[in-house]
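What follows is a short report on a single structure.
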Amino acid sequence: MNDAITEAEAGTDPVTGGARAEAGTDPVTGGARAEAAGPAAAAPLGVPREPTGLPSVDALVARLAETDHLPADGHLAVYEDVHQGLRAELTSLDARPAPAPRPHDPRS
């Protein structure tokens, strides 16, 4: 058996048989290999926030916009604060007295 490697074989990957990835390139995509540099910079997600008509709830939901300028590890504190505020709003609805029942109108 001849141990010499031909030029065509030298450029192939011994596992896949495909073209061998160049140094500094991603073997899957063939593009530039991503460097392991820290976390990506914060960027807005572009999620629309529609007003609810309740100023207290709208203020809480507007706080979610803060996460657009925070790294991912800072999101949790904002989410927890907004969640706690929304729960308090719902609890306050239960504490309100129910409206008085309207008398029955026999003509209806």
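Scoring Thr91 on the criteria (1) of a type outside the set (Asp, Glu); (2) in a loop (DSSP other than H, G, I, E, B); (3) at pLDDT 90 or above leaves a single failure, condition (2).
Filter region 94-108 down to residues that are within 18 Å of Leu54 (Cβ to Cβ) and not basic (Lys, Arg) and give me whichever is modelled with the lowest pLDDT. Going through the qualifying residues, I end up with Pro99.
The values are calculated or read from the model by the stated rules, or taken from the named source; none is laboratory data. All figures in this text were calculated on a predicted structure; none of them were measured in a lab. Reconstructed Cβ throughout: ideal geometry from the backbone, glycine too, with neighbour counts over all protein chains shown.
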